[in-house]
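J.: Right, I'll just put the structure down here and ask away after.
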Amino acid sequence: MFKKVFPLSAILSLRFLGLFLVLPVVSIYALELEGATPLLIGIVVGGYALTQAVFQVPFGAMSDRIGRKPALLIGLLIFLVGSIMCAYATDIYMLMVGRFLQGAGAIGSVIAAMISDLVPEEVRGKAMAIMGASIALSFALAMGLGPVLGAKYGVGFLFILTAIFAVLAIILLFTKVPTPPKIKHTYHAEAKTSDILRDPNLLNMIIINAMQKGLMTIAFVLIPIILTSDTFSWQKSDLYMAYLPAMLFGLAAMGPAAVFGEKHNKPKEVFLLSIILFVASFLIMGLSTSSLLFVVGVILFFVAFNMMEPLVQSMITKFAKVHQKGMALGISNSAAYFATFIGGTSAGLLLGISDRETIGISVAAVAGIWLLWTLKLQNPTKYSHLYLPQESVDIKKLQNLENEHVAEWYINDTEKLVIVKYASLAIQREDLIAQISK
């Protein structure tokens with residue numbers, strides 16, 4: 001499993017490392033560009049997310065049609081062009097356009113779908129956790145290096161590094177990433193895209209993903225500006241002292257949260273605890289009178305974010321049917337990136353018209369409403385998978401298989417396997433085999 005997941009995780013991590021390097025500092029550096037305003041700075045911070053929101057679904061659907069690798073290549077090339085434009089931006093508008101292009105290379109849902117193609121569902125949670133952990137490691141590295149490198153060499157240098165990371169990701173794609181198996185979508189009733197939004201489990205996960213990412217962008221607009229303002233008077237090069245411990249605590253929380261959510265099948269409880277921490281973090285960041293207490297709020301925010309991160313993508317792939325995964329992840333990530341853009345833009349707008357205390361209380365109140373909504377979430381049903389050689393299965397019997405305890409079945413055409421996803425506590429494996437065997 002690790003050999004299949006690691007190259008894809010590395011590609012995604014390189015991309016996010018470039019994005020994360022600039023996140024801690026781009027808002028305060030953008031202040032120095034011609035034409036900068038608080039609102040435009042908020043758009044720059046979250047601008048890449050707007051085009052991510054627009055292109056996640058097309059990229060997910062395109063990967064279902066033309067293949068995962070070609071879709072990944074197209075996305076990485078667009079990301080490369082956007083990074084170069086950001087590196088040489090001379091005003092706020094050129095930087096904004098570059099950020100939009102960075103987001104247009106929307107490959108997140110493609111990579112998650114490719115992992116779900118390559119890895120059996122029984123260990124997919126671990127695969128998603130590896131992907132989430134690699135992103136979190138990139139996050140931690142970026143939080144330490146971004147403020148230091150940005151202070152010494154400027155934000156343009158950080159974007160040049162991002163472009164280099166994109167080139168390395170393309171090299172990895174064609175040297176280390178395996179080709180996923182070809183899956184036949186053989187259902188007696190073809191599902192529609194609208195089915196994704198009608199599924200209450202998938203809808204809840206889409207909302208959770210969106211809220212998590214929206215709060216992230218709000219935090220990255222507010223944290224550097226507040227710490228370097230007259231309130232606390234930090235230097236730009238000192239920001240790592242807030243971000244680095246926050247990410248270390250976040251990484252420490254990720255493992256137990258993933259185990260509790262995946263192994264013990266309690267993701268709802270993890271999500272609820274995370275949201276409570278989000279509420280507390282914004283209240284502390286909004287109301288604290290000392291920089292030490294403010295950093296405590298930053299730490300709580302990162303703990304909450306990292307507890308959620310490895311579970312969100314995994315839960316979506318568990319709830320979605322095999323032929324919907326690319327589209328379901330595309331819709332979810334599209335909503336998340338749209339929320340990211342709204343979060344950054346709103347934070348920039350609020351900074352221009354309101355004070356820190358009001359912003360902190362308002363964001364905490366929104367997170368409180370989210371907490372009440374998430375009480376409706378249900379933990380997923382635990383399923384087992386039956387793998388049978390294709391030649392041993394009667395296709396007509398399989399097509400007529402009607403059982404409330406069978407979630408879905410499909411054919412792995414590359415490996416000539418029939419896979420049936422079923423509730424093992426409700427139906428015996430031997431009975432299922434007897435129903436579909438020749």
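J.: To the nearest 10 degrees, how steep is helix 2-22 against the longest Cα principal axis of the chain, on a 0 to 90 scale?
T.: Roughly 20 degrees, rounded to the nearest 10.
J.: Still on this model: How high is the FRET efficiency between residue 237 and residue 292 when r is their beta carbon distance and R₀ equals 25 Å, given to the nearest 0.05?
T.: 0.85
J.: Using a Gaussian network for the chain with springs between C-alpha atoms less than 10 Å apart, which of these wobbles most: 199, 64, 238?
T.: Of the options given, 199 has the highest mean-square fluctuation.
J.: Does segment 281-349 come out rounded, prolate or oblate, given a ≥ b ≥ c as the square roots of the eigenvalues of its C-alpha gyration tensor, rounded meaning a/c under 1.5 and, failing that, prolate meaning a/b above b/c?
T.: oblate
J.: Against the longest alpha carbon principal axis of the chain, how many degrees, from 0 to 90 and to the nearest 10, is the axis of helix 291-319 turned?
T.: 20 degrees
J.: Then there's this: When the accessible area of the chain is computed with all protein chains present and a 1.4 Å probe, what percentage of it is carbon and sulfur?
T.: Details: 11610 of 17460 Å².
The nonpolar share, carbon plus sulfur, comes to 66 percent.
J.: Please give the contour-minus-distance gain from residue 430 to residue 171: 0.36 nm per residue of separation, less the Cα-Cα distance, rounded to one decimal in nm. Before the final figure, lay out the partial values.
T.: Details: separation 259, 0.36 × 259 = 93.24 nm, distance 4.59 nm.
Contour length minus the Cα-Cα distance gives 88.6 nm.
J.: Could you work out which residue, out of 293, 40, 145, moves most in a Gaussian network model of the chain, that is, has the largest mean-square fluctuation with Cα springs under 10 Å?
T.: Sorting by GNM fluctuation, first place goes to 293.
J.: Turning to a different aspect of this structure: Let me make sure I get this right: for the chain, a, b and c are the square roots of the gyration tensor eigenvalues over alpha carbons, sorted descending. Under 1.5 in a/c it's rounded, otherwise prolate if a/b > b/c, else oblate. Which is it?
T.: Cα axes put the chain in the prolate bin.
J.: Taking 0.36 nm per intervening residue step and subtracting the Cα-Cα distance, what contour gain separates residue 88 from residue 65 on full extension?
T.: Details: separation 23, 0.36 × 23 = 8.28 nm, distance 3.56 nm.
4.7 nm is the gain from fully extending residue 88 to residue 65.
J.: Output the 0 to 90 degree angle, nearest 10, between the alpha-carbon long axis of helix 267-287 and the longest principal axis computed from the alpha carbons of the chain.
T.: 10 degrees
J.: Please compute the per residue accessible area over the chain with all protein chains in place, 1.4 Å probe, rounded to a whole number of Å².
T.: Spelled out: the 1.4 Å probe surface of the chain, per residue, equals 40 Å².
J.: Next question, about the same structure. Charges only on Cβ, +1 for Lys and Arg, -1 for Asp and Glu: so what's the dipole of the chain about the Cα centre, in debye to the nearest 20?
T.: So the magnitude is around 880 debye.
The values are calculated or read from the model by the stated rules, or taken from the named source; none is laboratory data. Because the structure is a prediction, the values reported are computed rather than measured. All Cβ positions, glycine included, derive from the backbone under ideal geometry; neighbour counts span all protein chains shown. The accessibility values were calculated without ligands, DNA or RNA, using every heavy atom of the protein model including side chains. Shrake-Rupley method; radii C 1.70, N 1.55, O 1.52, S 1.80 Å.
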